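Step one of this worksheet: look at the structure below.
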Amino acid sequence: MPGLIGKKVGMTSMYSEAGKNLPCTVLEVGPCVVTQVKTADKDGYAAVQVGFGDRKENRTSKAMAGHFKKAGVHARQQLAEFSGFEQEYNPGDEVKLEDVFQEGEFVSVIGTSKGRGFQGVVRRHGFGGVGQATHGQHNRMRAPGAIGAASTPARVYKGMRMAGQMGNSRVTIENLEVLKIMSEEGLLVVKGAVPGHKGATVIVRKPEA
């Protein structure tokens, strides 16, 4: 299995063998259950759908309840598909953390970044502000400055860094080293930070070759 679904527990730190303090993130990964196996003949592509976290039956739609009933599993909170697997899986199979990842390898973590709402260019893009606060300066300290051009090209270029919605977007952090695996607790410790708030759903997968 190329990856698993989990959630972010929080951040902590660990010491390396050389005595260096390493910032790291603790993730609760798996166990995940196979809810559907897609094949090229029936679905047009090969993939394995897995579920993570329990969901109450009265919080599950009839369509999804039928989907889980067909697989013979309890309703799950999150679903994700993985392709490029080597082993054959059947609906109802449970995939645990230690079955997929090992200490010392590198993984990619996919999550949704924290939403920051509508922000200006200083916070969103790190602009330094315009001019000084004295000598007649009024309210232009955190302004973006000019955004257009003259009669050529007579428009604003696409991708111009301006104020707008910040955060709340799908982010992938690649090449995070697995520092420790605690199989009994189902915890995976990776070096560095991952997107999302505490308790946010993440997808941990091996880098594609």
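The values are calculated or read from the model by the stated rules, or taken from the named source; none is laboratory data. Everything quoted here is computed from the prediction, not taken from an experiment. Quick reminder, even Gly has a Cβ in these numbers, built from the backbone with ideal geometry, and neighbours come from all protein chains shown.
Checked against the criteria, Val100 does not count as touching a Cys at 6+ places or on another chain (Cβ under 7 Å), surrounded by 18 or more Cβ atoms within 10 Å (Cβ to Cβ), β-branched (Val, Ile, Thr) and under 25 Å from Met182 (Cβ atoms). Is it the case that some residue within the stretch 142-165 is polar (S, T, N, Q), at pLDDT below 95 and closer than 30 Å to Gly51 by Cα? No, the stretch 142-165 contains no residue that is polar (S, T, N, Q), at pLDDT below 95 and closer than 30 Å to Gly51 by Cα.
Residues of the stretch 1-33 that are farther than 21 Å from Gln102 by Cβ and β-branched (Val, Ile, Thr): Val33 alone.
Assess whether Arg170 counts as being exposed (fewer than 12 other Cβ atoms within 10 Å of the Cβ) and touching a Ser or Thr at 6+ places or on another chain (Cβ under 7 Å). Yes: the conditions hold for Arg170. Screening Tyr45 on (1) crowded, with 16+ Cβ neighbours inside 10 Å; (2) of a type in the set (Phe, Trp, Tyr); (3) assigned to a loop (DSSP other than H, G, I, E, B) shows it passes everything except condition (1). Taking the listed residues Thr12, Thr35, the one that is farther than 22 Å from Pro207 by Cα, touching a Lys or Arg at 6+ places or on another chain (Cβ under 8 Å) and in a strand (DSSP E or B) is Thr35, with no other qualifying. Among residues of the stretch 71-85 being touching a strand residue (DSSP E or B) at 6+ places or on another chain (Cβ under 8 Å) and not in a strand (DSSP E or B), the one that is surrounded by the fewest Cβ atoms within 10 Å (Cβ to Cβ) is Ser83. Is it true that Glu105 is out of contact with any Pro (no Cβ under 6 Å at 6 or more places or on another chain), among the acidic types (Asp, Glu), at pLDDT below 95 and exposed (fewer than 14 other Cβ atoms within 10 Å of the Cβ)? Criteria met by Glu105. Would it be correct to say that Phe68 is outside any loop (DSSP other than H, G, I, E, B) and among the aromatic types (Phe, Trp, Tyr)? So Phe68 fits the description; yes.
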